[in-house]
Amino acid sequence: MRWRTAVAAATAVAAGAGVAALLIGRRVSDLSLRPELAEDGDRKGEPALRVHEIGPEEVTLTRTVAASRRGRYALDWPGGHAVVGAVLRTGPQTVTRRLELTAGSPPAAGAEVELSPWVLRGDPGSACGLDYMDVLVDGELGALPAWYVPAVRGTWVILVHGRLAERRQALPVLPLLQRLNLPALVISYRGDQGAPASPDGIGHFGETEWRDVEAAIRFAKEAGAGRIVLYGWSVGAAMVLRTAAESEYRPQLAGLILDSPVLDWSASVRGVAARAGMPGALAGRLGALAAEGRTGVDPAGFAKLADGVELDVPALLLHSPQDAVAPFDAARRLADQRPDLVSLRRIPDAGHAALWNADPHGYEEALRRFLTPLL
């Protein structure tokens, strides 16, 4: 009897541990697969910061790795928005940055603010002063909202935001594309606000979403585009790679631009979990297992894509060695595997998909040098 009681107790403990593991795995995988369900801080991937002091030209914040990075970033709080620039000084627990722009009611000392790369807000017109049109791309699941910024050249650039972002991720590079006279189409895809939902309600690391990128190419071709450059951030870059490998429009592609590409999806799930404050390496591993089971992602096929086996057009790969979500080693491996086609531009001390923020001039110069021969 005592033996049976012990077995029953052990079974109950094991079952409870199994349920806990499933719940943890699902919650962690949600951060990457269903960002709309995550809290704001989780979705942006950085914890909220506290304002210690604020003046007309500077603001002092809680010191974190993200808050101390070089470059320009946005601060948001209920009722207000700001852009911060250079780091002026640091203390043991604080960092003081130049305050470049504010809108709305200023935050009081002690208020929580959220740091993000989104220094530009709105649309290509309100944010960049560019003429543009709201258009709809006919995707396989329904209409996909997009911004079209016209220009005179026949080569179009199709821009694909990352899974934890939205179309405004593309805003900083639109003025450069306009100066190069390249038409730009900034797309949404399944699961985005205003776009059709994915049938199962989750993202698939580009393995289904790439069809929406192909629909955007079809839209561009029907509108008179000649050749196409695909430009993606994070998981959007994985969609770009998948499109370049699978699309019937593959012969019309002129080049790819990959910003902080997710080339190792399981490492990225673990990185998103760690950045959002989920405790322990076990949570990341459980999240990766849950994500594989829920999405049906093909690890071998994804690895083949990440190694550039089917790549046949020039690609500019922009990445930070300090990227905590998409490991730099995977980017370096792709560049080493395909030195004939892939140019790797390192932008140090930058966060995931925040390379332009860290070094706007260097980033835009890399784009200009890559795009000019493709015009």
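Quick one: if the Förster radius is 41 Å, what FRET efficiency do A48 and E365 give, using the C-beta to C-beta distance and rounding to 0.05? List each step's numbers first, then the result.
On the way: r = 34 Å, r/R0 = 0.83.
Efficiency for this residue pair is about 0.75.
Using a 10 Å cut-off on Cβ atoms, rank the peptides 185-193, 226-234, 329-337 from the highest mean neighbour count down. Walk me through the numbers before you get to the answer.
Working: 185-193: 23.1, 226-234: 25.2, 329-337: 17.9.
Descending mean neighbour count gives 226-234, 185-193, 329-337.
Please tell me the relative contact order of segment 82-240 in percent, rounded to the nearest whole number, where contacts are Cα pairs under 8 Å and at least six residues apart. Let's see the in-between values first.
Values: 279 pairs, mean separation 35.1, N = 159.
Once normalised by length, the contact order is 22 percent.
How many times 2.2 N^0.38 Å is the alpha carbon radius of gyration of segment 46-116? All intermediate terms of the calculation are to be shown ahead of the outcome.
Numbers: Rg = 10.4 Å, N = 71, 2.2 N^0.38 = 11.1 Å.
Ratio of Cα Rg to 2.2 N^0.38 Å: 0.94.
For segment 46-116, what does the relative contact order come out to in percent, with C-alpha contacts under 8 Å and a separation of six or more? Don't skip to the end; give the middle numbers.
Numbers: 164 pairs, mean separation 29.3, N = 71.
The normalised contact order for segment 46-116 reaches 41 percent.
Which whole-number percentage describes the relative contact order of segment 124-374, with Cα contacts under 8 Å and a sequence gap of 6 or more?
Numbers: 496 pairs, mean separation 39.1, N = 251.
In percent, rounded to a whole number, it is 16.
Just the Cα atoms of segment 93-250: what Rg and Dmax do they give in Å?
17.3, 56
How do E209, E57 line up, fewest other C-beta atoms within 10 Å first?
Numbers: E209 24, E57 9.
Ordered by Cβ neighbours within 10 Å, fewest first: E57, E209.
Please compute the volume of the convex hull spanned by the alpha-carbon atoms of segment 219-270 and report it per residue in Å³. Write down the numbers at each step before the final one.
On the way: hull volume 3.8 nm³, N = 52.
Residue-normalised Cα hull volume stands at 73 Å³.
Quick one: check the C-alpha center-to-center distance for segment 72-95 versus segment 154-202, whole angstrom.
Answer, in whole Å: 27.
Rule-based calculations on the coordinates, nothing more; no lab input. Here the structure is a predicted model, which means the values were calculated and not measured. Note that each Cβ is placed from the backbone with ideal geometry, even for glycine, and that neighbours are counted across all protein chains shown.
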